[in-house]
Each structure stands twice: as C-alpha cells, then as structure tokens.
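Below is one structure; the comments refer to it alone.
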Amino acid sequence: MKLARNFYFQGVNAETKHIRKESILEIFLFVVFLIFLYLTRYSHHLLFHTSAELFVCAISFALFFISLNTSSMIKNDFIVFLGIGYFFVGIIDMFHIFIYSGVSIIFITGDQSRVVQFWMSGRYMTVITLLGSTLLLYKNLKKFRKYILFLSYFLVSCTIIVLILYFNVFPECYIIGRGLTRFKIISELLITIIILIVAILYFRKRKNIDFKLFFNMECHLILMAFSELMFTDFFNPSDWTNVWSHIVRVFSYFFLYKAIIETGLKRPYSILFNRINIIDNQLKQEEQQRMMIEDMLVKNERCYELIINNSSDAIIVTSEGKLIFANDRAEKIFGAYNPGELIGMELMSFVHPEDRTLVRKHMETSFLGQTSPVQYEYKIMSHKGRVIDLESTSDLLVYQGKLSNISILKDISSRKQISKLKNDIRDNERVLNETKEYNKLLTEFFSNISHELKTPLNVILGAIQILNLPHDFELPYTYEENLNKYHKVMKQNCYRLLRLVNNLIDLSKFDSGFLKLSLCNQNIVSVVEEITLSVADYVENRGLSITFDTDCEEKIIAVDADKIERIILNLLSNSIKFTDKGGSILISMGDRGDRISISVRDTGIGIPEDKLETIFERFGQVDKTLTRNREGSGIGLSLVKTLVELHGGIIKISSIEGQGSEVYMELPVTVIDDESISANRAIIRRSNVENINVEFSDIYS
C-alpha cells in the first residue's frame, strides 16, 4: 500500500511540472497576442477587430469539438451544452466578421447595420447558452439529448442568418451618423444582467464543481458582463470603449479556454492515466492479498476444524438425505456411541415421525435455493431414546465436490420447557384468579345467608323467651315439666344456631376485610379472670373443676374485650366438651415482658398427633363423621386463631391423646394513647349469661 502511494505521488509531481511548463508557454503566447492587439487598436482597426473576433471564434469552435469528443469520458452535460451553444455563437460571429466594412466577403461595400445585428443575435444566443447550461447543474436530466440540442441551435442560427441577410426584419441596432439605437443599448444592459445572474447561480454550485473549472468560468462570466456593459457606449466602431470592450472580451474567452480546454482535454487524459496507474496498483495489491488469504486458509484449516468441532451448536452436512459430516456436538445430540458413527446414516431415521414431512419440505426448499437460508424447528429421537427439540438453519454448500445441504442445529428443548412452564404458570394464575372470584362469591353468599338465618332465628328466640316469662295461670305439673324441657331444648338449639351464624358472619367479615377490632386499654388479667369466674358455676355443674392462675395481678394492654371474651369462651367450650366428669381445666397467665401469655389446659380426651396441624384450619375437625359423639361446626378454633392474629398475637396447641390438650397464646403488650382504663363492671356486663349460653350451646348433657 505504501509503495502504491509513493508511485502515485511521484506521478502527480511529474504531471505538475509538465503542466507548469505548458501554462508558462500559454501565458507567453497570450501576452504576445494582447500586445499585438494593443498596437493595432487604432492604426489598423480592421486587423485589430478581425484578430480579436477570430480569436473568440477559434475558442468557441475548439470548445465544441473538445466537449463533443470527450463527453463520454467526462460525462458532464454542462460542458456539452456549452460547447454546442458556443459553436453556433461562433458561426454567427463569423458572419459578423464577414460583412464588416473592409472585409466585405458577403457584401462588397459592407453594411455596418447588419454587422451590429449579427453581433446582437450572437450575444442573445450566448446568454441563452450560459443560462441553459447552468440550469443543468441544478436539475440533471435523466437522458440528455445532445443531437436534438444541436439541431435546435442549427435551425435557430439558419433562421437568424436568413432574417438578417435576406428579409432584413431584425430590429435596427446601429444607424450611421446617429450611433447605437435604443434597442441595442437596452439589449446590452439586459444581456449584462442575465450574465451576472448566471454568475451568481454558478457561484452557488461551487461546492459541486471542480475548483479550476469554477474559477475560470466565473472569471469568464464577470469579464463578459463587463465587456457587454462597455459595448453600450460608443458612436463609431473605432471609439475607445468599443476597442477596450473587445480586449476585455478576449480576456474573458481566454479564461473560457482555461476552463474548458484544460478541464475537457488535458485533465481527462491525466485523470485517465492516473486511474490506470491506481487500478494497476490496486490489482497488484489485490493479487498479493489473495495469495496471503490462500496461504492463511491453508494454514488455518486445522483451526477452522477446531472451531467447528467445539461449536456449541450441532453442525451437519447432508447429501441425498445422508449425513456426510457431523461435528462433535451433533454426535452428542444424536446420541452416537462412537466418533464417525453418524456418517452415511439417513437423517430421516432420527427425525420424529410427526415432523418428517415438514423436514423434507424445508430441505427441498433449501436445495432449490428458493429461500436462503431456511429456518425451521423439528424434533429428533436420539439413539438413547430422548426426544430433542431442534432449531435448524439450513443453506446450500459445495462439500467435497458435491452440492450439499449444511444445517446448524440448536438444542431448544430447555427453551421449549421454559415456554411450557410459562404457559402453565399463566394457566395456573388464571385458575387461581377464578378460584379467588369463586371464594369471593362464596364469602358473599355465606355473609348473606348468615344474615338471612339470623333474622328469623332472633324472632324464634325472642318468642321462646316470652314463653318463659312468669304467667298468672297454672298448668298441670306434667304439662309444665314437659313444656320447660322443650323450651330448654329449643332455646339451646337457637343459641347453637346463633353461635354458628355469628361465627360465619365474623369469618365473612374477615375474608372481606371488614372485621375490625375496637381496641381500648384494659387490665387483661382482670378480663380473663372475670370470664373464668362467670363460667365457674356452669363448669362445676358439669362435674369438672376449673382453676385460674396468674403470676401478675395487673397488665394494661390495648385489646378488644368482646373478642377476648369470645376467644376464652370458645377455648373453655372445647375443654368442657371434650373432658369427662371428674376432669379439670386450668387457665393460667404469665407476664413475658413485652408479651402476655394465656394458657387453657384440660385433662380431656386429647387430639391425635396427625390432626394437630389441621386443627386451626377452617372446618377442621378430629372426627368428621355424622355419628360423632360431640357436636361442632369446625370453625370455632379457626375463628379463635383469626382473632388472636388480629391482635398481633400467636396461638399454638399441644396435646397427648388420652391425657389432655393445652392451647397456648401470646398477645403483644401495646397501649393506646389518650385512652382511659375501662372498669371491671364493663367486663362483667359483657360476660353475661347469654353470651355463655351462646358459646356453650353445642355442649349437650
């Protein structure tokens, strides 16, 4: 690469020296010509005028032939348009020379008026050419038709020549003895303005144009505009303004020569030779690179084999449905016992029967080259009996001189399992949400049915209580005894139903989030002691003994006294129900600092060890048969646990079957600000006989 750059810069330096020599020679000859024009400007005006115009015409014709013959190389519509236009401007200027007074090639005496008419027609064609070629820089035509443009200029030039020479219908531009006409002056000013507009448009496109071409063309346009401005003020052709206008015009065409001749003739060939040299160097470099790559491929063949064999994806090559190559990973996936065992085996023998049609279809698509590469999924059955999900990417390959099919296989079994697990999780979430909705409906149902049961139940209980009121009349003894007996049974069962309904209502409130505590600061020791004393007579009537024991006399904590009463009565109800006559019940309390402990222990029948974990579950019962000896709904202990946890406490149970059970709970010691301690009378009032009757209603004699 470095050698190529040195070669290129050496060529550029040699070309630069050659161009400098030619430029010096061109400038020298042009200066000699300018001196010649300066010396002949007055003494030999005809020679001066003819030489200046012939110089301009020669450059116009040279521009045409160069742009036409180099158009395929430089591919510049701007220069071609300019060349064709200036060619016909040169022809019109030649007629301007031919009829000039003293030359008189067409008219023997010469005609100064027609001379100026040809001059003006040539200037109008010049500005049209400049404007049209510049507009091509702003909007490239998809197909530039240079022959149509040539024919158009040809017809316009012939028309001008005929109109001036034979029909004499061109506007007067010069009148002998009077000078320039108004038409000529206005036309020169208009032409000057158009040329300046073209110069501005050309300037705006300077970034898209070669700098030398832009600079020389801009000088040509500015000098031409200045020359046309000077042509508006002369009386005789030999006036100084007319003379110097021709000299400035010669200068402008010299810049046109530098712009087009060098850009259109010298530079294309220079660029061509430079491109040939660059391409030659590039070909040499590419040949060296190709040889290096071939050498690297030969040296790295073993490296490629290492990469393929250690790829995390299986790579197989099949020809005519048979395996002709398989890397190490493919042998593991297909369950080969020995290296090379897969070679020569049918691929379809591994494909799962459900996917064989799919695999054949995609392999045919890949082989025909309809889609490249082909990607699809299928299952295989390995030698070891495993079903494996694979993702295959297949394409055509020439392997060992045969047109084959290469496939890169990814084991996506884990991905499929994860996707299945995600689907299962979504299904389970859906089922869980549906279950939650069903539970919500069930909770609402229990809540409604509980309220519906409680209303008639209260009516029945109220009627029974009215019947128990003292009355003035006397009934027969036997009838009175039976009536009292039946009243007692109905009342107890009403209490039992009321207890069940109350429990259902509280559970429904808890499930709905509406079960709240009415906390107030209480002496928890007095609360539990008063509840125990209120049931002492009932317990002793059952043939049981009850004891209350505490290691502290006072402990103020924030509790809901009604809920504590329901907790203790429910636990005592269970102890009474499951303890035979002669047994004992012990309620003990202990101060644990930031917590207070409450224990209810009995010497009842106990609970089997396998039932202890489910005893606090809703509707959980040790004996669920309809023929069980003791009644119960199975929601009492569940409600107890709920109420204890609402207080922020814990509850647990221990039992030995045949020896008794102990329920142990702890409540946190918290106090509510600005709350006075309730009197014991309130506790006694809450622990009334009716509450005891409700909680003990499922205990039958």
Rg and Dmax [Cα atoms of segment 27-266; Å; Rg one decimal, Dmax integer]: 17.5, 54
Got the relative contact order for segment 27-266 handy, in percent, Cα pairs under 8 Å and 6 or more residues apart? 20 percent
Ranked by Cβ crowding within 10 angstrom, fewest neighbours first, how are Glu218, Glu53, Glu354 ordered? Glu354, Glu218, Glu53
Compute, for segment 310-411, the length of the dipole vector about the Cα centre, with Cβ point charges of +1 (Lys, Arg) and -1 (Asp, Glu) only. Units Debye, rounded to 20. 140 debye
What full-extension length gain, to one decimal in nm, is calculated for Ser382 and Ile186 as 0.36 nm per residue of separation minus the Cα-Cα distance? 60.8 nm
Approximate spin-label separation Ser419-Val31, in nm, with each point projected 7 Å along Cα-to-Cβ: 8.6 nm
With r as the distance between the Cβ atoms of Phe211 and Ile24 and R0 = 25 Å, compute the FRET efficiency 1/(1 + (r/R0)^6) and round to 0.05. 0.75
Beyond 19 Å (Cα-Cα) in this structure, taken from Lys611/Lys652; Lys516/Lys611; Lys361/Lys420; Lys379/Lys422; Lys361/Lys384, we find Lys516/Lys611; Lys361/Lys420; Lys379/Lys422; Lys361/Lys384
Can you list the trypsin sites (Lys or Arg not before Pro) in segment 161-198 that are in a DSSP coil and have 16 or fewer other beta carbons within 10 angstrom? Arg178
Of all chymotrypsin sites (Phe, Trp or Tyr not before Pro) in segment 372-433, the ones in DSSP coil with at most 12 other Cβ atoms within 10 Å are none
Suppose each label sits 7 Å from its Cα in the direction of the beta carbon; what would the Ile148-Val669 distance come out to in nanometres? 10.9 nm
In nm, the gap between the two label points placed 7 Å beyond Cα toward Cβ at Ser597 and Glu354 is 6.1 nm
Given a Förster distance of 51 Å, report the FRET efficiency between Arg426 and Leu612 from their Cβ-Cβ distance, rounded to the nearest 0.05. 0.85
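Report, in listed order, any pair from Lys322/Lys410; Lys139/Lys212; Lys139/Lys184 with a Cα-Cα distance greater than 27 Å.
Checking Cα-Cα distances, Lys139/Lys184 exceed 27 Å.
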So, for the Cα atoms of segment 310-411, Rg and Dmax in Å stand at 12.5, 36
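Taken together, the values in this text are just the output of simple stated rules run on the coordinates, not laboratory data. Just so we're clear, the structure is a prediction, and the values are computed from it rather than from any experiment. Cβ sites come from the backbone with ideal geometry, for glycine too, and all protein chains shown count toward neighbours.
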